[in-house]
Amino acid sequence: MTDFCERLNEWKGNRLMPMIISKSGWLGLAFFSSFLLMAALSPVLAPYDPWYRFEPYLPPDELHLLGTNDLGQDILSELIFGSRASVIVGFGAALMSTAIGTAAGLVSGYFRGMADEIIMGITDIFLMIPQIPLIIVLAAFLRPSLWLVALLMGCLWWTSTARVVRSKALQIRETGYVQANRSLGFSSLHIMLSDVLPNITHVVMPKFLLSIASAMIAEASISFLGLGDPTMKSWGMMINFAFSRGGFLNGLWWWYMAPGLCITLFVLSVVLLGSMLEERESVSLRLQ
Amino acid sequence: MRRSLYLLASLLLLCMLMLSTASMGAEEATGEVLKIGSPNVIKSASILGDSNMGVFAHLSNPTLMKMAADGTIKGLTAGSSEVSDDGKTWKFSIKDNLYWSDGEKLTPVDVQFTFNYLAENYPAAGWMKNTVDNISIQEDGTLVFSLNKPYSRLNLEFATYPILAKHIWESIDDPMEYTNEGENVGFGPFYIASTDLGAGVIYFKKNPYWKGTAPKFDSIEIHTFANMDVLSLALEKGDVDAYYKYAGTYPYSSIDKLKETGNFEFVEKDNIGLIFLGMNLMKEPMSDLSFRKAISYAINYSEILKLDALGYGKVPNSGFVPPSMMNFKETAKLEYNLTQAKGILDGAGYKDTNGNGILEGKDGKEIKLTFLTRTDYQRPTELMVDYLKAVGIDSEIKNVDSSTWIKQKDAGEYDLTITRSTPWGMLMHANWGTGYFDSRRTGEGVLHVLDDAKFHQLCDDILAATSEDQLKDYAYEVQDYYAENLPAIPLYWNLVETPYNKAFQGWYSDPLYGIFNVDSFLSVEKTQ
Amino acid sequence: MSLTGRKAARYFIAIFLIITFNFAIPRSMPGDPLTNLLGEDVILSDSSVQELRSKMGLDKPLWQQYIEYWQSILRLDLGYSFHLHKPVSILLQDRMKWTLLLAGPALILGSALGAILGARAGWRSGSRREKVHTGILLAVYCTPPYFLSLISLYLFSFQLGLFPLKGLYSTGSAADIAHHLLLPAVMMTLFTLSRNYMIMRGSVLQEKSSLYAAFARAKGLYDEQILFRHIFRNALLPIITLLALDFGFILSGALFIEIVFSMNGMGSLIYDALLSRDYPVLQGSFLIITIMVVSANLLADLLYSRLDPRVKWE
């Protein structure tokens, strides 16, 4: 394994800059890709149709590796199909909120002045909009499908990313190289993209990853409150039903542990990937 | 730095352990205490303003009449009741041995005051203003209700209103907003000593002036839990001795765990409420009787019973009303027969012309129905979607919270919904579930979709009935009507399971309030 | 416009819009306070119900309700809850004190510990020990709060019998309250800690490779000194941001923890009010939260320039 890594690193080392991919980075990538594969290939990987009903409350055996739930549906199949919901909600919300938040924070922190006031004012307002009533409204007038929920989360959460990015942008804007570039006459957009943005990645990256985590957990929480999307299997809904239909009290730990672990592992994989990127960055910076 | 962090952590841990041991064994023993755990959380200490508090207050402020275990109405605060032949005059004699916990005697004046007061100030008793002309007291203390029309169910209605003390409540202008977290004067075997909303407990103490059968306990505590799993854990652990949920059963999936411990027994009764499929009769195709009949054959009743009620119940009859209700009639049992269902649909003109598995309605468009679903009923709704798909009806689930459900159902913005009737719900209006369907009444959980003159007339006849025989005939008519017309399709009749610690015996359960009634608290005792 | 003028204008406009949203959002949900109030046996067309309706002010046109809403805010009158039968201000006081008691220490401790531990992790990133810590804390963060709380309740209160199963208190003494609140407080601390840890770690990683750090190293300072004397202050900015945000939301409480531990805090107050459409409670709670969030953000803004001299309060 180490040999392989070294070999790969050597090959990559002949490229733009040395890329050291640590073992944990590979682990993260492995988990991450397997979850993505799981989501993409669910019909192929799952042993049964997750909606088909067998005997309820079966413990794990060779026919049902994770047993069956309260309606008799195979839990393993539910788990595999459930990855789709988490991918959609997690990435959708995180991408949306990070994109909006970074853009807003950059503009706000770099330009200061009027733009800053307006954007920060908008964040103040958005911060106050509570999530659950909007979901109730959504559920009442539309269908609370996962896409809409992800969109909603993304539109509401960009504010904290914006604030954090802004605080970093405020710092960076005063640094020597940025001042230099400004005096040289580079356009603001160019400076923002080439100077400020790369130096913000260290703050944005964890925010992005944590947003994925928050989004998945928020989906689980919304499902627990019963406002989730009933037409799609999701890990959050699985945990919800596991608790409300007697899984917890009767010790059917495979029913709630499996989706809980999946959420944890998925996020862990994303973070490991993130840390791999961080190391690469810090190494490259050190060598400059 | 690291070392000091670890030191801090271990100090914290030590504190935690010390605290946990310090507070154990701080219980005060003040005589025999009976603790009941309930998921019916009290939001405010208002007997009339909080419905859960109102149920618990029946112990300190018993009702005029009660429903006995067999479903008949008997006197509780009243000794006896009688109605005139024309049904317009009701007489109630009041028991002579009842005393308030402050020493005052309960007199017919209190009862007269209660009903006038409630009629004026309590929305749920507002109907009295249109029905009761006058309440008077005869020389012998009998209370006389003069009605402006025959009303057969007066004594039934009076099984739900707590009797209030005139000398306490006459100075309270707005009883719905009146809260009292301290002592509430009552005349039952126990009175409310205090209500602790933060801890979630209602403390009842023995009424020192109670002259009836002496209860075996000195105090009763109602512990409310926001989380059902925690309540189950508390029951198992012995933190509470019994379980009570108004109009509800102990969750079926948690029963086995209690049984395994060997320390619990169950009061098992047939529910008079039930869970059913409601249909919006104002819209196509639900307005078509053949369509409804077809659906009734498409439901796999034994599977729903197995998956949703874990077998605690039975497959219902088309007559809707469960056997535990008075004047039950054995109508045709509901049957699961896919071929029959498909045949009826085909015969009624619903065909699948483009071969995609979904039927088209009479207007030529594919049938796609919307289930308006409350969170509690997600699972049975999932099953129903499946059953409908098997006969070619496409449907989708709209998952909403309770208030949204009420609003949209009242506006008729749905096709199907799964909901339930409570015991009182079955009894209200003209009894036998009519309150849910009569389109002239709109309350929170009712569907009010039946706009049929024949049905309305039946309801009015029941309300104006003047004899038990008349009522029986009408009851049979109602059930026949349900069986023929299927305004709603019952999904299963269930059992109400109430667990209690084996050490406590002598529970008495009535169909309306379960084990929470005065007789129960007079007879229950600790035998081990 | 002067700086303070601009800032003041921004805050005022924001507050105006927020208060308007506070009015609009509860009313955009289907239903009103009367929907879930009276039970299934009350006919909605009854006269007593109509009376109740006008008492609640629901029969007036929307614009009139809006004006009255502003009037009551300016009078500092938060209204009356017909669901809980108490003036809203009393309800808020009652619930707020419990939420503050529970979440306050948790927030402070969690942020402090998270900042410190996260800083060390960022500094020593790549080391085996750091990886283990990060892994564990991330796992904590990833677990749905309901899940972790219920399991800890099961373990510590049920199996081991160390803590009570529910409620804010049994007897009301200080030790009793502490006993009841300890487990939920620990849970909250854990969640705050894990979040702050991750952010701080990332922030320190960034600062670590900066010039001033290298300079400090060249001066001959030890690791700890570089970390806590120089880097910490600058890396702290995102944490301050988060703390300001959290402090405002402390009052919406930890809903799931309150449900699991059966506690009556702000979280369950707001959630119940949402479900029952109790407009006065919703408006009152959101107003208080607004005030706290806006003032916390203002404070954070002021702190930025003090902490990092590179940020000029220009």
Around B:ILE406, under 12 Å between beta carbons, what's the net of Lys plus Arg minus Asp minus Glu among the other residues? -2
Sequence-distant residues sharing a close amide H with B:LEU98 (under 5 Å, placed H): B:LEU106
From Cα coordinates alone, what are the radius of gyration and Dmax values for the stretch B:192-307 in angstrom? 21.5, 63
In the stretch A:92-208, taking the dipole from +1 charges on Lys and Arg beta carbons and -1 charges on Asp and Glu beta carbons about the Cα centre, the listed residue (A:LEU151, A:GLY176, A:PRO130) farthest towards the positive end is A:LEU151
Which whole-Hz ³J(HN,Hα) couplings does the stretch C:75-87 yield from phi under the Karplus relation 6.51 cos²θ - 1.76 cosθ + 1.60, θ = phi - 60°, glycine and proline marked x? 7, 6, 9, 8, x, 10, 9, 7, 7, 10, 6, 8, x
Student exercise, the protein assembly as shown dipole from Lys, Arg, Asp, Glu Cβ charges, in Debye to nearest 20: 5600
Flagged as over-length at 20 Å C-alpha distance, from B:LYS362/B:LYS389; B:LYS35/B:LYS206; B:LYS43/B:LYS259, the pairs are B:LYS43/B:LYS259
Could you work out which residue, out of C:LEU34, C:LEU62, C:LEU181, moves most in a Gaussian network model of chain C, that is, has the largest mean-square fluctuation with Cα springs under 10 Å? C:LEU62
Need one word for the stretch A:35-171: rounded, prolate or oblate. Basis is the Cα gyration tensor (sqrt eigenvalues a ≥ b ≥ c); a/c below 1.5 gives rounded, then a/b vs b/c decides. prolate
Applying the Karplus parametrisation 6.51 cos²θ - 1.76 cosθ + 1.60 with θ = phi - 60° to the phi angles of the stretch A:50-61, what ³J(HN,Hα) value in whole Hz is obtained for each residue in order, glycine and proline being reported as x? x, 9, 6, 9, 9, 7, x, 6, 7, x, x, 8
Could you grab the relative contact order for the stretch A:154-218? Cα pairs under 8 Å, six or more apart, rounded to a whole percent. 38
Treating only the Cβ of Lys, Arg, Asp and Glu as charged (+1, +1, -1, -1), what charge dipole size does chain C show about its Cα centre? Round to the nearest 20 debye. 1700
Between B:GLU104 and B:SER51, what is 0.36 nm times their sequence separation minus the Cα-Cα distance? Round to one decimal in nm. 16.4 nm
Under-5 Å amide H pairs with B:TYR508, H placed in peptide plane, nonlocal only: B:SER520
For residues of A:260-270, the mean tally of beta carbons on other chains within 10 Å: 3
Counting only residues 5 or more places away or on other chains, whose amide H sits under 5 Å from the amide H of B:THR442 once H atoms are built in the peptide plane? C:LEU44, C:SER45
Please name whichever of C:SER209, C:LEU84, C:ALA273 sits farthest to the positive end of the charge dipole of chain C, dipole taken about the Cα centre and charges placed at Cβ: Lys and Arg +1, Asp and Glu -1. C:SER209
Only helical DSSP H runs with n ≥ 4 go in: add -39500 (n - 2.57) per run for chain B, normalise by residue count and round the 222 nm mean residue ellipticity to 500 deg cm²/dmol. -9000 deg cm²/dmol
Read phi for every residue in the stretch B:169-186 and hand back ³J(HN,Hα) as whole Hz from Karplus 6.51 cos²θ - 1.76 cosθ + 1.60, θ = phi - 60°, with x for Gly and Pro. 8, 5, 8, 9, 6, 10, x, 5, 9, 7, 10, 8, 8, x, 7, 10, 5, x
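Values in this text are rule-based calculations from the coordinates and carry no lab data. The structure presented is a predicted model; accordingly, all values stated were derived computationally and were not measured. Cβ: placed from backbone, ideal geometry, glycine included. Neighbour counts: every protein chain shown.
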